[in-house]
Every structure is written in structure tokens, then in C-alpha cells.
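What follows draws every value from the coordinates through simple rules; no lab data is involved. Bear in mind the structure is a predicted one, so any value in this text is a computation, not a measurement. Ideal geometry is used to build each Cβ from the backbone, glycine not excepted, and the neighbour counts take in all protein chains shown.
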Amino acid sequence: MAARPRLGILLAITLTVTACGASTTSTDPGPSTAVTFDTSDGVTLAGRLFGPPSASAGIVLAHMLPADQTSWYPFAERLAGRGFRVLTFDFRGYCPGGDGGCSDGSKDIDAAPTDLRAAVAFLRADGVQRVGIAGASMGGTAALLVASRDRVGIPALVMLSAPQVLSGLAVGQPELQTVTGAKLYIAGLGDPAGAAASADALAALGPQPVNEEIAPVDAHGTDLLTSSHGEQLQAMIEEWFTRWLAPPAGGSPAA
């Protein structure tokens with residue numbers, strides 16, 4: 001698995017709803033707590049909290065479509081084991097039921113940043129001081145848009161197969177120039193949705209720190225984490241958050 005050189009051009013990559021794939025991971029949430037929180041426009045979303053309540057560093061995991069928060073459960077447990085407070089959630093209209101939760105409203109890709117912004121606010125209200133975001137496909141596009149307007153600052157982001165353009169969402173140079181946190185773009189080389197080209201373009205547009213990893217697989221979004229290179233990618237994401245969510249010099253421990 002080798003890093004892919006970044007391209008100095010803007011590519012407008014549009015992924016359709018059907019291109020985003022589906023999760024095949026376990027729906028067992030492990031040690032976690034079901035929660036709900038409201039968006040700025042009054043929609044109640046369902047989520048789950050993992051990891052130590054005393055953690056000062058935390059991560060919001062935003063799912064792809066047509067998956068839901070259960071696609072992140074195994075990796076959420078792994079991050080929690082590293083001492084992070086982790087929040088998964090269902091975007092509006094996603095209602096897997098049972099341990100997967102049930103968010104209110106109708107599915108709306110264009111509202112994804114609104115939903116993710118509410119998740120970040122909820123995790124901060126839970127006591128987390130430094131919040132990172134990992135987003136898959138739709139969730140990755142939303143992560144960049146949320147970070148571009150976050151006044152506190154998102155110090156670390158990971159985007160799995162994030163498209164530049166999806167429905168009414170678009171990420172270009174004006175948005176990325178305001179995303180000063182460390183950005184890791186991951187995609188599958190053979191992803192038929194064109195995620196590798198999108199990763200190239202996004203990585204070329206924003207300020208450092210930036211890293212890009214193109215895995216020699218066809219998987220998309222969170223399915224990358226269970227691919228033949230899944231273990232390497234999971235370890236890379238863990239180390240990315242451990243490095244960039246660390247407290248300032250002289251600060252308190254991360255968890």
C-alpha cells in the first residue's frame with residue numbers, strides 16, 4: 001500500500017447515492033451508551049457513545065449512505081480502547097432500529113453537515129475538549145464542510161472515499177483553505193465511484209498538514225476498513241488521531 005502523489009488540479013467528482021456502497025460489518029455496539037441529540041433545525045438524531053467519559057479527546061464517526069452508524073461500531077470500539085471518547089450517529093432519516101438507533105426526519109444528503117455539526121456540539125457538551133472527525137463517503141464530505149466553518153477548530157480529520165461533489169454538497173478551494181486541521185484522505189484505487197481521483201484533488205487544495213493513502217482495493221467508505229488492507233488502514237487512522245488530537249505541550253493527557 002503506497003501513498004499516492006497529489007495532483008495540482010481541481011477535479012469535480014460526483015458520486016451518486018447508489019455508488020456509496022453498503023456496510024457489511026457487525027451491528028453489535030459492544031460497551032456503549034445510546035444517546036439522542038437535536039440539530040439546529042429541530043431534528044432528533046440517534047447515536048451511541050463509546051469510550052471513557054473522562055476523555056478529553058474524542059472522535060465523531062459519520063457514516064456513508066446507504067449505511068448507518070452500525071457500520072462504524074467495530075472501529076468505534078477500537079478507538080475507545082485507545083482512550084478516545086467516540087460518538088457514532090445516524091444521519092436524519094436513517095432508522096436501522098434496535099442497537100442501531102432511529103433518527104427522526106427524512107433522508108437528506110444536503111442536511112448532512114447540519115447533522116454532523118450537531119454531533120460535534122454534542123460531544124463537546126459531553127466534556128470532550130478536542131474533537132476529531134472521521135467520515136465515510138457522504139460523511140467525509142460533510143466533515144470537510146463542518147470543519148471549514150467550525151469556530152473552535154477540528155484538529156484532525158479522516159476522510160474515507162469522500163466525494164468533492166454530492167447532491168447539493170460541494171467542497172472546493174474556498175472551503176478547504178479554512179480547514180487548518182490535519183487531514184488524512186483514504187480511498188481505494190479500484191473504487192468505481194472515482195474516490196481515488198477525488199482524494200487526489202482534495203489533498204491538493206487544502207493547507208498542510210495533509211496526507212493521502214490510496215489502497216490497492218476496490219472498497220468504498222467504511223468497507224475499506226474490512227478490506228484486505230483494512231488492518232493497515234485502521235492502524236493508520238488510529239495513529240493519525242493519536243498524533244493530532246494530543247494535547248498541547250504541557251497539557252493534560254488525552255484521556
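The table for this structure:
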| read-out | value |
| --- | --- |
| Ala235-Arg151 pseudo-label distance in nm [points 7 Å out on the Cα-to-Cβ vector] | 4.2 |
| Farthest positive-ward along region 118-219 dipole, Cα basis, beta-carbon charges - from Ala182, Ala125, Leu145 | Ala125 |
| Three-way shape call for region 54-96 based on the alpha-carbon gyration tensor, with the a/c threshold at 1.5 | prolate |
| Cα-based shape type of region 160-255, given that a ≥ b ≥ c are square roots of the gyration tensor eigenvalues and the cut on a/c is 1.5 | oblate |
| Rounded if a/c under 1.5, otherwise prolate or oblate - region 57-151, Cα gyration tensor axes | oblate |
| Rounded to 5, the percent of DSSP beta bridges in region 124-241 classed as antiparallel | 10 |
| Entry for Kirkwood radius over Cα pairs in Å (calculated from the structure that is shown) out of (i) 21.0; (ii) 18.4; (iii) 17.5 | (iii) |
| Karplus 3J(HN,Hα) series, Hz, for region 54-71 with 6.51 cos²θ - 1.76 cosθ + 1.60 (x for Gly, Pro) | 7, 5, 9, 10, x, 9, 9, 10, 10, 7, 8, 10, x, 6, 8, 4, 4, 5 |
| DSSP beta bridge pairing in the chain, given as percent antiparallel to the nearest 5 | 35 |
| For Ile59, residues with placed amide H under 5 Å, excluding near neighbours | Arg85, Val86, Leu87, Gly132 |
| Phi to ³J(HN,Hα) by Karplus 6.51 cos²θ - 1.76 cosθ + 1.60 over region 189-201, Hz, x for Gly, Pro | 4, x, 4, x, 7, x, 5, 5, 5, 5, 4, 4, 5 |
| Additional length obtainable on full extension of the chain from Val165 to Thr27, 0.36 nm per residue less Cα span | 46.8 nm |
| Ranked list, fewest to most other Cβ atoms within 10 Å of each Cβ, for Met138, Met236 | Met236, Met138 |
